[in-house]
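In what follows, a structure is listed as structure tokens, so that the remarks can point back to it.
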Amino acid sequence: MYDTLIENIGQLILPAEGPLKGDAMKQLDVKENMALAFEDGKVAWIGTNEEAQKLKASERVDAMEKTVTPGLVDPHTHLVFGGSRENELALKQAGVPYLEILQQGGGILSTVEATRAESETDLYEKAKQTLEQIASHGVTTLEAKSGYGLERESELKQLRVVKRLNEESLLDLVSTFLGPHAIPPEYKGKEEAFLDEMIRLLPEISEEGLAEFTDIFCETGVFTIEQSRRFMKASQELGFQTKIHADEIDPLGGTELAVSMAAASADHLVAASDEGIDSLADGDTVAVLLPGTTFYLGKDHYANARKMIDSGAAVALATDFNPGSCVTYNLQMIMSLAALKMRMTPEEIWNSVTVNAAHAIGRGDVAGCLCVGRKADVVLWDVPNYKYIPYHYAANHAKAVWKSGRKVWERRGARVFSVPQPGQGC
Ligand code: IZC
Ligand code: ZN
């Protein structure tokens, strides 16, 4: 007797074990007329719909010939922050570049001010609401960064919020320390000293189990390649895996640095050089692309996903959800942008938000695939096939979402045609 049996699945999407590089990203196992059962939070059986008719389960879910996939994995979010930055929209419309807003003390620094001012409880409550929204969009595992504290107590505060969200929610959160995210006003002109300060936090973060990864914003006017190398080295010496915001706006060579340091991921890569792109094919670093950010910054030039995949890289996709440069947690929207702006195929896109995304955050052995024995992280989508989601953009197609076999979200029908009108009785 299984706990849950999803039957009558039109298409069941079964990404292969990864990381999938280059041509392997073009393959996607799509099975029709299938069924799937969970027990004790794990996938317990996968077979044809015909075979499923003989099985017993406490709960039977009729997928109505729609699509079932693994829970999505979002490998790059700035989930926890205070305040919001809608006031910057007018600056953006006036053509003020993102890095200039930051230089003027806005951008990341305005979120730093708001985050420092908020209590841990308020940050937790706000991020908790966001997490519910994220789950409702089909994401069951995600990464979350600090980086809006830029001093000991506020960075630790953010990391404690991520830890508590991981412990208290059903979702899996992977925590990243992004202390070197910007230079705080009190360290203006003293970048090396600020970096030293962030490096001094690493032992405490490690001992308290507050982060598995570290990250740094390697960009003009933020941190240089040399500073990034120094921070990554210090992180690795303490057992952290590393990530880097690389070559987003200017081609500084962060992609090459990430590969040479065997970073878990190099993220953005919009301005990555040909050498940088080529180096990804030989290394173990996953290229995490964030087309939502390019879109939101109003730029026309997207990361060269085609060249990356065609030359053998492992590519993943993420939202980059944050209050400034990408204000969406809808990974389905990112899938559409990947198709429309980066010419990724539906098969590549699905591998990028499941198996490869899981590898980018060290969860390749637990998330991103559906096979017997794995956590039952499953989404039932209200779509006829897997190609439909990138095609029909900006909607939420998730109908039901299970995390470790527990239903964390289910779409209730709209009531447009069924609400009793005043005077009609009830
Ligand atoms: O708050 O603007 N790029 N960090 C690097 C960000 C964007 C987040 C932000
Ligand atoms: Zn980011």
Pairwise Cα inverse-distance average, inverted: Kirkwood Rh of the range 166-258 (Å): 13.8 Å
Can you tell me the 0 to 90 degree angle between the C-alpha axis of helix 225-237 and the longest principal axis of the chain, rounded to 10? 60 degrees
Counting other C-beta atoms within 10 Å, which of SER260, SER119 has the fewest, and how do the rest follow? SER119, SER260
Packing rank of 78-90, 138-150, where each peptide gets the mean count of other beta carbons within 10 Å, highest leading: 138-150, 78-90
Peptides 293-302, 158-167, 184-193 ordered by average Cβ neighbours within 10 Å, highest first: 158-167, 293-302, 184-193
With an 8 Å cut-off on Cα pairs and a minimum separation of 6 or more residues, tell me the relative contact order of the range 73-360 in percent. 17 percent
Give the lysines reachable from LYS233 as a straight Cα distance under 16 Å; neighbours fewer than 8 places away on the same chain don't count. LYS243
Order of VAL378, VAL259 under a 10 Å beta carbon neighbour criterion, fewest first: VAL259, VAL378
How far is helix 152-168 tilted, in degrees, relative to the longest principal axis of the Cα atoms in the chain, given as a value from 0 to 90 rounded to the nearest 10? 10 degrees
What share of the DSSP beta bridges in the chain is antiparallel, in percent to the nearest 5? 45 percent
Which value in deg cm²/dmol, rounded to the nearest 500, describes the helix-derived mean residue ellipticity at 222 nm for the chain, given -39,500 (n - 2.57) per DSSP H run of n ≥ 4 and division by the residue count? -10000 deg cm²/dmol
Would you mind estimating how fast the range 73-360 diffuses translationally, via Stokes-Einstein at 37 °C and 0.692 mPa s with the Kirkwood radius over Cα pairs, in µm²/s? 177 µm²/s
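Any read-out appearing in this document is the output of simple, stated calculations on the displayed coordinates, not a laboratory observation. On a predicted model such as this, the values are computed, not experimentally measured, just so you know. Quick reminder, even Gly has a Cβ in these numbers, built from the backbone with ideal geometry, and neighbours come from all protein chains shown.
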